[in-house]
Every structure is written in C-alpha cells, then in structure tokens.
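J.: Before I ask anything, let me first share the structure, which is written out below as structure tokens.
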Amino acid sequence: METNHQAQIFKAMAKPNFYPHDVSAIEQRDTHISKVFLTGRYAYKIKKAVNLDFLDFTALDKRKYFCRQEVVLNRRLSKGIYLGMLPITFKDGRYHFAGSGKPVEYVVKMRQLPENLSMLSLAHNGTLYRNSIEALARLLADFYRHAPGGEAINRFGSWQTIWTNTEENFRQTEPFAGDFLDTHMFHIVRAATRAFLIRRKALFDRRVEKKKIRDCHGDLRSGHIYFSDHIQIIDCIEFNDRFRYADITSDLAFLAMDLEFEGYPKIVQHLINTYLEYTKDEEMLILLDFYKCYRACVRLKVNCFRLQNSELSGIYRARVLRDTEHYLNLAYRYAVQFTRPTVWVVCGLPAAGKTTVAKMLAKVLSLPILRSDVVRKRLFDLLPAESRNLPFEEGIYSKEATALVYGKLLMLAQEEIKKDCSIILDATFSRGHQREEALRLAKDLDANIIFVECTASDDILRERLSKRDVSTSVSDARLHHFTRLRQRFEPLDELPDKMYIRINTEKALEEGVRKIISHDYALLSYQTARVIKQLESSALNVTEPT
C-alpha cells in the first residue's frame, strides 16, 4: 500500500502546481534509495520504500525516523540548507504538503544549492582555488576533532571490523570477476589488502587508542561539497551508523579517491597537506592509500550490482562499465602503493640532524632504522659508545672500511625489503657512487626509494660537532674533521626530484618530519606508475590469519 502511495506521490510531485510556492521547472534525480525533486529554490527528497542489505525503508515510521536523522546529522556540516521534515498527507483523493489529512509519506525539504558551486563543478571549471581547499581542510579538521567518539564507536575502526568489512566487500564482488572486472587485478587488490592488514594490525589498534575513530560523514564526495556563502557539505550517511563510524582517514580517503577518480590529484595533495598542518596526524598517511583502495572497491561493487540490472542499456550501461574499470584501476594503483616497500635514505653531513630525523620518521611510520655508525662499530667488534677519535679517513674510517660498512648496510636493507618491509637508512651517503648503489638496490628489488637530505648552516654544523667533545655520540665525526667532510660531500644533483627532498634541520623537528611525510606520499605516488607490470607478475598469496 505504501509503495502504491509513493508511485502516486511521485507523479504528483512532478507537477509544478503541487508545491506551495512558485515552480517553473522540475528536475528529478534518482538513486537506488531515494528520489529528489529539484524545483529551483528548494529540493525535496523522499526515501524509497525499499529493503536492502544495509537499510530498510519499507515501513512509513522508519522513513519518518530516517528523514529526521538526515536533517539532524547533515546540519553538522551545513548551515541553512536542511530546512526540516514535512509530512505528505492524503485527503479527499489528493496529496498535500503538511495538509490536514493522514500522513502517508515524509519528505526532507532542503534549500537547493547551485550545481555550479559544487566542488566537482568548480574543479571542472578550473575555479577551485587554493584558499577554498585550505578552508575545507580547516573545516574538516575541526569537524573530526569534535565529532563523537567513544567505546561504542571505536569498534567500527578496530582491526577485526576492518578485516570483516574488506572480506565482505571482496566476497560480494568476486562473482563479477571475469565479467565486469579483470580477474587478475581483482585478486592482486584482495591479496594486497589482506597483506597490509596482517602487517599493520598494531597500527589499527593504535588508531583506536588515539581516539581517531569518530562519527564521520560517511559519503564525503566532491559532488556533496559546495562553496557558497559558507562551505556546505550535504548528504551524509543517515541510514546505517556503521557506514558513518570510521577512522577519520577512511572518511577523508573517500573524498581523496573521488577527486582522483575525477582526475584532480593535485587538489588532493594540497587538501591533505593542509589538513596535516592543522591536525599533525601524519600517521594517517600510512593508512590513506589503504582506505582509498577500500573506498574504490566499494564503488566498483555498487557499480557491478547496477550492471547486473538488466534495465541498464546503451550509452548509460557503457558509462557505468567504464567507471567500474576506472575504480578497479584506482584500487589496483593504491594497492601497489601501500604494498610496495620503501627505502628512506636519510642522509647529509655529520651533525646535520640525520639521526634525530630518522628516529622521528621511524616513530611516525613504525619502521626500523639501520644506522651506519652502529653498523660500523659492530662490523669492527666495537660497542656503539666506544669512541675512535682518528685522523680523517683512517682506521675504521678508511675508504676500504667505509666501503665495507655501506656494503653491509645495503645487505641488511636488502633482507628487510625481501620480507616486503620498508626501512630507514641513516648514513651520510656523501659520495655519488654510494647513492647509486642504493638506487640499484631499490631497482633490483622493485622498491620505492626516497632520499631525505638533512641540511643546516656551516655555523650550526660546527656548533653541533663541538658539543660532541663533552657528550656521548655513536658517531666519531668531530669538529676538526669538518673541513674535510665538507669537501668530500658530493651534492645530490644526480637525483631526480621524484625521489629527493631537502629539509633544514634548524627548524622545528615536527615541521621537518611533516614535510618529509607529506612530500614522500606525493613522490611515492609518482614512482608507482612504472612498477605496475612488475607487481602483476608477482604472486601475493596471503590467507586469513587464524
């Protein structure tokens, strides 16, 4: 009966004279769960009487409840847009807005936003400016900071929940592999996801401990964000709490993936970098590609369900199929990025702050460090604190000894990379041939590599070296070595920009590490394209842990 009411109500709302205000034209929008009538000044949204795996709108009282929820929840990120919930009544054989008859349906009334002010339209037109992106980053950072959290919400960001969600997603999508999806790519994405979850379980646990699981938006896409008098973000998930409760990174990853799907990676980079400036949540970058992959997989699954619908035909069906392939390509690229090991080479002159930066980087990324000073002492049966104040390039610092040290350093790095683990190398790498050997290692083992050169003024370097005379240091470099060390150091001019970043360690440590992580994330994305075929030929056989 309610479904019949809906069919008649939809016909009534298609006519301009149904509305209590002037309407010159009506545009209708359909999704699988709602129908929207755009009248120019206002938009009216009705929830379809459907029962799907993740929602049940079949009963009128449920539609009433979720209409109210939609208004309340969406007012968190919008202002003056969600005007309220109205009943549609039936009396004397006619339907009315908020009339005196019996309520037979409920509708969400919204102020209609100009489509040309959506984030997607502005990006398409080249009028989405940096200050708007920065304002959005501030808004989201503040929203997530104050969004509800707590024990009841935390479980939705737990490792077990994420494992369950991803496995459910793959299980529901697998029947379409071979028809709408490339089977080999699908299997690689699934295996990479499982491998990441197994390897990074402690990180997911830590996100819960750090209270990064919040009541988010749930459907944060560029088409749901508008830049008018205020930034207006609409259409959050109201029908299922578990789709809204998530790691903040997952919510932001949806927007990042959506923008990259539309072809705007530079907007994503600026948005994420600005967001990090406000939140200092560098750890999210470790998870960003993982969650972008998950979001892309959800979108391609939904498209597969739509393609299964025989009503889709012609140009529209071809477009959905093309979009599905695009989502799979994105998921595949993200899988390459979060699966492929990376070598971070933290280098520079002695006393440039390499070890301090490497330790902070290791803390943020949860990675081990291989330090040349420690490797050198162990190689020559010395304790790390044992000092060898030797003349320049003599004894354990001779050219031959140094060659042995770097050989051992790279051999240890190789062992980690072969286990699909990333690693941080802390060493001067003052000579071009040493850097060339590191580059060759990364290439041979199909790993990413990023050189981080730590710098400081000569006066600061001398000051730091002089302090070593009265303190304990694993490094034996001293002030009287400085001139020769400076002369021996060969500039890193041979390195391409896509694998090199230079930071000044005279500035705040947190600022330097944040710059490394945000820049490295962009640089690693550039390196991904050239290794897709290599990953295709590798076998990722990871099974569910017991």
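The values are calculated or read from the model by the stated rules, or taken from the named source; none is laboratory data. Source: prediction; values computed, not measured. Please note: Cβ atoms are built from the backbone with ideal geometry, for glycine as well, and neighbour counts cover all protein chains shown.
J.: Among the residues of region 426-446 satisfying the criterion of being closer than 21 Å to Leu367 by Cβ and among the acidic types (Asp, Glu), which is farthest from the chain's Cα centre (by Cα)?
T.: Here the residue is Glu437.
J.: Same structure, new question: May I ask you to say which residue of Thr39, Thr31 is surrounded by 12 or more Cβ atoms within 10 Å (Cβ to Cβ) and either farther than 18 Å from Ala98 by Cα or of a type outside the set (Lys, Arg) (or both)?
T.: Working: Thr31 fails: surrounded by 12 or more Cβ atoms within 10 Å (Cβ to Cβ).
Residue meeting the stated conditions: Thr39.
J.: Return the pair list, or none, for Cβ contacts closer than 6 Å from residues in region 164-179 that are farther than 13 Å from Thr193 by Cα to residues that are of a type in the set (Ser, Thr, Tyr) and surrounded by 12 or more Cβ atoms within 10 Å (Cβ to Cβ), at least 6 apart or on different chains.
T.: Ala177/Thr183
J.: Being in contact with a Lys or Arg (Cβ under 7 Å, 6 or more places away or on another chain), of a type in the set (D, E, K, R), at pLDDT below 95 and farther than 26 Å from Arg145 by Cα, is that true of even one residue in region 55-64? Steps first, answer last, please.
T.: The initial filter retains those residues of region 55-64 that are in contact with a Lys or Arg (Cβ under 7 Å, 6 or more places away or on another chain), namely 56-57, 63.
Subset that is of a type in the set (D, E, K, R): 56, 63.
Right, trim to at pLDDT below 95 and you get 56.
Next, from what is left, pick out any that are farther than 26 Å from Arg145 by Cα: 56.
Within region 55-64 (the criterion being in contact with a Lys or Arg (Cβ under 7 Å, 6 or more places away or on another chain), of a type in the set (D, E, K, R), at pLDDT below 95 and farther than 26 Å from Arg145 by Cα), the answer is yes, since at least one residue qualifies.
J.: Regarding region 335-343, can at least one residue be identified that is of a type in the set (A, V, I, L, M) and surrounded by fewer than 23 Cβ atoms within 10 Å (Cβ to Cβ)? First the steps, then the outcome.
T.: First pass over region 335-343, keeping only residues of a type in the set (A, V, I, L, M): 335-336, 343.
From what is left, the residues that are surrounded by fewer than 23 Cβ atoms within 10 Å (Cβ to Cβ) are none.
Looking for residues that are of a type in the set (A, V, I, L, M) and surrounded by fewer than 23 Cβ atoms within 10 Å (Cβ to Cβ), one finds none in region 335-343, hence no.
J.: When you go through Lys363, Lys359, Lys354 one by one, which is the residue that is surrounded by 21 or more Cβ atoms within 10 Å (Cβ to Cβ), among the basic types (Lys, Arg) and assigned by TED's automatic domain parsing to the domain that holds Cys421?
T.: On the way: Lys363 fails: surrounded by 21 or more Cβ atoms within 10 Å (Cβ to Cβ); Lys359 fails: surrounded by 21 or more Cβ atoms within 10 Å (Cβ to Cβ).
Selected residue: Lys354, the only one of Lys363, Lys359, Lys354 that is surrounded by 21 or more Cβ atoms within 10 Å (Cβ to Cβ), among the basic types (Lys, Arg) and assigned by TED's automatic domain parsing to the domain that holds Cys421.
J.: Looking at (1) more than 15 Å from the chain's Cα centre (by Cα); (2) surrounded by fewer than 19 Cβ atoms within 10 Å (Cβ to Cβ), can you tell me which one Leu203 breaks?
T.: If we test Leu203 against (1) more than 15 Å from the chain's Cα centre (by Cα); (2) surrounded by fewer than 19 Cβ atoms within 10 Å (Cβ to Cβ), just (1) comes out false.
Listed here are the residues, each with its yes/no results for (1) over 24 Å from Asp493 (Cα atoms); (2) aliphatic (A, V, I, L, M); (3) assigned to a loop (DSSP other than H, G, I, E, B).
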{"residue": "Ile315", "(1), (2), (3)": "yes, yes, no"}
{"residue": "Val320", "(1), (2), (3)": "yes, yes, no"}
{"residue": "Leu330", "(1), (2), (3)": "yes, yes, no"}
{"residue": "Tyr334", "(1), (2), (3)": "yes, no, no"}
{"residue": "Ala352", "(1), (2), (3)": "no, yes, yes"}
{"residue": "Met360", "(1), (2), (3)": "yes, yes, no"}
{"residue": "Arg376", "(1), (2), (3)": "yes, no, no"}
{"residue": "Glu386", "(1), (2), (3)": "yes, no, yes"}
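J.: Tell me, please, whether a residue that is crowded, with 22+ Cβ neighbours inside 10 Å and either at pLDDT below 90 or under 23 Å from Thr472 (Cβ atoms) (or both) can be found in region 379-392. It would help to see each step written out before you state the result.
T.: First pass over region 379-392, keeping only residues crowded, with 22+ Cβ neighbours inside 10 Å: none.
No, every residue in region 379-392 fails to be crowded, with 22+ Cβ neighbours inside 10 Å and either at pLDDT below 90 or under 23 Å from Thr472 (Cβ atoms) (or both).
Per-residue answers, yes or no, for (1) of a type in the set (Lys, Arg); (2) touching a strand residue (DSSP E or B) at 6+ places or on another chain (Cβ under 6 Å); (3) under 30 Å from Leu288 (Cβ atoms):
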| site | (1), (2), (3) |
| --- | --- |
| Ala331 | no, no, yes |
| Gln337 | no, no, yes |
| Val343 | no, yes, yes |
| Val346 | no, yes, yes |
| Ile369 | no, yes, yes |
| Asp373 | no, no, no |
| Lys377 | yes, no, no |
| Phe380 | no, no, no |
| Phe392 | no, no, no |
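J.: Do you know which residues across region 442-456 are surrounded by fewer than 19 Cβ atoms within 10 Å (Cβ to Cβ) and in contact (Cβ under 8 Å) with a residue 24 or more places away in the chain? Please lay out each step first, then the result.
T.: In the first step, residues of region 442-456 are kept if they are surrounded by fewer than 19 Cβ atoms within 10 Å (Cβ to Cβ); the result is 443-446, 455.
Across region 442-456, the qualifying residues are Leu445, Asp446, Thr455.
J.: Further, regarding this structure: Of all helices (runs of 4 or more DSSP H) completely enclosed by region 56-147, which ones contain at least 2 residues that are acidic (Asp, Glu) and under 30 Å from Asn273 (Cα atoms)?
T.: On the way: elements: 60-74, 119-125, 130-146.
Once the helices (runs of 4 or more DSSP H) in region 56-147 are filtered for at least 2 residues that are acidic (Asp, Glu) and under 30 Å from Asn273 (Cα atoms), what remains is 130-146.
J.: Moving to a separate point now. Can you name the condition, by its number, that Phe254 falls short on among (1) in contact with a Ser or Thr (Cβ under 9 Å, 6 or more places away or on another chain); (2) under 27 Å from Arg206 (Cα atoms); (3) of a type outside the set (Lys, Arg)?
T.: So the condition that Phe254 fails would be (1).
Here is a yes/no grid of residues against (1) touching a residue at least 60 places away in the same chain (Cβ under 8 Å); (2) out of contact with any Asp or Glu (no Cβ under 8 Å at 6 or more places or on another chain):
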| residue | (1), (2) |
| --- | --- |
| Glu400 | no, yes |
| Lys419 | no, yes |
| Arg431 | no, no |
| Asp459 | no, yes |
| Ser466 | no, yes |
| Ser471 | no, yes |
| His481 | yes, yes |
| Leu492 | yes, no |
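J.: Taking only region 48-79 into account, find how many residues are farther than 17 Å from Lys35 by Cα, among the small types (Gly, Ala, Ser) and free of Cβ contacts under 8 Å to residues at least 60 places away in the same chain.
T.: The qualifying residues number 0.
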